[in-house]
Amino acid sequence: MTDTIDRSLQSSLQSSLQFLAGGGKVGALMRSHDWATSPLGDPSTWPQSLRSVVGLLLESRFPMFVAWGKELGFLYNDAYADILGEKHPRALGRRFADIWSEIWPDISPLIASAMAGEATYREDLPLIMNRRGFDEQTWFTFSYSPVRDEDGAVAGMFCAVAETTQKVVAEMALRNSEEALRILNTTLEARVADTLAERQVLADIVEGTDIIVIVADLNYRLLGINKAGQSAFEQVYGVRPEIGDNLLSLVSDKPNHLAQIKAYWDRALAGEQFTEIDEFGDESLARRAFEVRFSPLFGSDGRQIGAYQFVQDVTERLREQERLKQAEEALRRAQKLESLGQLTGGVAHDFNNLLAVMSGGVQLLERRIEAAQRERVIAGMRQAVKRGAALTRHLLSFSRQRPINPEAIDVARQIDGIREILASSLRGDIQVDIQCDGKLWPVEVDTGEFELALINLCVNARDAISGKGTISIAACNHGGFSLGGLSGDFVELAVADNGTGIPEDLLARVFDPFFTTKEVGKGSGLGLAQVYGFVKQSGGHVDIQSELGHGTHVRLFLPRTDKAPGDVHPQGDMFVPSVGRPFEGQVLLVEDDDEVAALVAEMLKSIGFAVTRVTGAAAALGALANGRPVSLVFSDIMMPGGMSGVELAREIRLRRPTLPVLLTTGYQEAAAGAAKDGVGVLLKPYSMEELASAIGSQLNAAKP
């Protein structure tokens with residue numbers, strides 16, 4: 001029995017330490033390491049955030065490390081072990097400050113910034129390190145990124161690092177060579193004239209440098225090339241050039257390479273001075289990346305006699321930059337997945353609540369219930385549909401999948417138009433005080449996003465008020481002043497409450513997507529993110545001020561527009577059909593979902609239409625082929641069969657130009673594409689009134 005328990009505990013422990021699997025030599029060292037004296041403690045006690053970062057760096061071939069906790073316990077991977085030199089493996093699990101004591105004065109300010117929540121980046125930072133028993137000058141490019149624990153607090157820092165010592169030394173050599181060549185250039189023209197027959201113009205100056213130097217005349221004939229140039233050319237093209245060779249003839253059997261070389265030299269021989277980074281070489285030999293600096297060469301009489309180039313192999317530098325970029329992108333993806341995980345619970349909870357309301361309502365309606373109870377059930381189901389649509393708008397607005405349709409509006413009239421929506425979103429013990437200055441300037445915004453932002457602010461204010469309270473909505477003009485890097489005339493829309501307020505240390509994060517101070521299921525963290533996105537998309541500025549126990553004050557500054565406002569169409573103010581059956585005629589319904597089709601057909605019949613239903617675009621065109629009398633085609637955009645509703649509408653327009661077509665979809669991006677084609681679109685979910693209004697608009701537009 002005891003053996004069974006021990007094996008179970010051992011199996012559980014191995015499962016909890018799965019993040020240490022793999023990782024090469026350092027991974028194996030971590031698994032066998034005695035952590036008793038390490039400030040990090042045993043790996044089985046490490047938090048999930050630390051485990052995620054350790055799992056990431058162990059699987060990477062790019063040098064990485066993480067320092068964790070108050071004492072900054074140090075963990076790293078195989079690639080970073082090479083940088084440690086003789087400090088490895090004793091550095092594993094020790095304090096960061098003890099490992100790199102000789103450079104601590106140089107890097108500690110950067111570490112302090114990262115631990116304070118601010119990412120830092122340094123390129124080619126010089127450091128004198130002792131890795132092999134002696135001091136050596138080194139250079140490094142690295143990024144210190146804060147890593148937050150499960151509570152959102154900074155618990156450690158992550159670093160992706162590349163040693164750039166060889167690159168910096170090479171650049172110094174290049175600058176020294178260029179300086180020598182610059183000094184030489186004052187007399188180069190005379191020397192070219194004196195030594196042209198010998199074809200050794202640059203050999204005595206740059207023969208010993210690793211920088212590739214090539215000189216050619218106006219006919220592509222090599223006047224000078226150093227050993228580094230010969231070796232590099234032979235490496236990538238398989239032929240070793242000599243002074244006097246024609247540069248183009250050397251690669252005449254390689255048309256693609258010939259065209260590339262000629263294109264660059266043609267520019268230089270035409271008098272252009274430029275620098276380019278490009279890949280050169282035959283794939284069967286070697287492909288290398290080079291930074292090429294071209295300059296024209298002039299004779300003593302001022303006429304151009306050729307061109308010369310300084311070339312540096314930057315293949316490894318570019319690879320290091322790409323590896324660093326991939327490492328940082330991997331960390332961003334890991335953090336994004338963590339954020340999406342935080343979102344899932346809240347959104348699932350909200351939608352499950354809505355489905356519960358709809359499911360319960362349907363079951364009650366199937367029974368014989370009193371008229372008053374029936375009205376209450378139907379009202380609850382309607383409210384659930386509105387809440388579901390609002391939550392979808394939140395998500396699509398955040399992901400920027402919802403098309404933006406700016407128009408000039410009167411802010412006061414727009415607020416007044418959604419009073420009822422605001423009232424239904426709040427509690428009965430909360431008073432709403434609306435104060436708008438007279439003659440407010442018009443602003444140009446997306447009306448739906450404006451209303452959604454205002455509702456989001458009011459709902460947040462409602463949730464911050466535990467009992468009775470007041471939400472104040474105010475609007476006024478601000479002329480000729482600057483804010484948030486913007487200047488001009490603005491309309492200020494302010495929403496204030498006397499609720500609990502927001503702690504000062506959280507204010508900087510309230511506009512972050514998915515961030516919420518509410519309990520799980522009480523908010524998805526998208527409300528203020530939508531407000532921020534709406535204001536920025538409208539060219540404005542948002543400001544928030546709050547104090548614990550004294551409430552929150554949010555101000556939106558929207559730029560003034562010279563356009564005149566149009567009519568206000570608040571949500572819920574939809575077309576209401578006349579009494580009875582306001583339409584007549586035949587509707588061709590194109591819908592592949594049987595349940596949706598049955599419901600829509602009943603809605604169409606209830607407003608007077610006869611309905612013919614088909615399941616796809618091909619069947620719809622077949623139904624129209626025999627000249628069947630149809631008043632309107634009502635089709636979903638997203639359908640199986642290879643032809644979308646938009647493509648169907650285009651084909652109907654070619655065959656029967658006067659036949660009205662109305663499309664419907666729940667996918668906002670598809671709606672935007674249909675609108676560009678001038679086709680009417682009705683967004684799901686829609687009410688009977690909205691359906692009747694959309695059909696009426698299409699029929700009226702089709703009248704001669």
Exercise for the section: If a/c stays under 1.5 just call it rounded; otherwise compare a/b with b/c (prolate if a/b is bigger, oblate if not). Do that for the range 574-665, with a ≥ b ≥ c from the square roots of the Cα gyration tensor eigenvalues. Expected result: prolate
Fill in the blank from the handout: Residue span SER487 to GLU316: 0.36 nm per residue of separation minus Cα-Cα distance leaves a gain in nm of 56.9 nm
Handout entry: Residue-wise HN-Hα coupling along the range 613-621, computed from phi with Karplus coefficients 6.51, -1.76, 1.60 (Hz; x: Gly, Pro)
Key = 10, 10, 9, x, 5, 4, 5, 5, 5
Problem - Whichever lysines have a C-alpha closer than 24 Å to that of LYS25, once near sequence neighbours (fewer than 8 apart) are set aside - result: LYS87
Problem - Ranked packing of 623-629, 489-495, most packed first, by mean Cβ within 10 Å - result: 489-495, 623-629
Exercise for the section: Might you work out the accessible area of MET638 for me, using a 1.4 Å probe with all protein chains in place, and round it to the nearest 10 Å²? Expected result: 110
Practice task
Report the label-to-label distance for ILE103 and ASP135 in nanometres (one decimal), using points 7 Å from each Cα along the Cα→Cβ vector.
Solution key: 1.5
Practice task
Determine which lysines satisfy two conditions relative to LYS262: a Cα distance under 17 Å, and not lying fewer than 8 residues away in the same chain.
Solution key: LYS254
Practice task
State the extension gain, in nm to one decimal, for the chain segment bounded by SER52 and GLN537, taking 0.36 nm per residue of separation less the distance between their alpha-carbons.
Solution key: 171.1 nm
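Of the peptides 282-290, 18-26, how do they stack up when ordered by the mean number of other Cβ atoms within 10 Å, highest first?
On the way: 282-290: 13.2, 18-26: 15.8.
Highest mean packing first, the order is 18-26, 282-290.
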Problem - Fraction of alpha-carbon pairs over 14 Å apart in the range 228-303 - percent - result: 67
Practice task
Would you mind calculating the gained length between ASP429 and ASP301 on full extension (0.36 nm times residue separation, minus the Cα-Cα distance), in nm to one decimal?
Solution key: 36.8 nm
Exercise for the section: Using per-residue counts of other Cβ atoms within 10 Å, averaged over each peptide, order 477-487, 436-446 from highest down. Expected result: 436-446, 477-487
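The values are calculated or read from the model by the stated rules, or taken from the named source; none is laboratory data. Bear in mind the structure is a predicted one, so any value in this text is a computation, not a measurement. Cβ sites come from the backbone with ideal geometry, for glycine too, and all protein chains shown count toward neighbours. We work out accessible area using only protein heavy atoms, side chains counted, and drop any ligands, DNA or RNA first. Shrake-Rupley method; radii C 1.70, N 1.55, O 1.52, S 1.80 Å.
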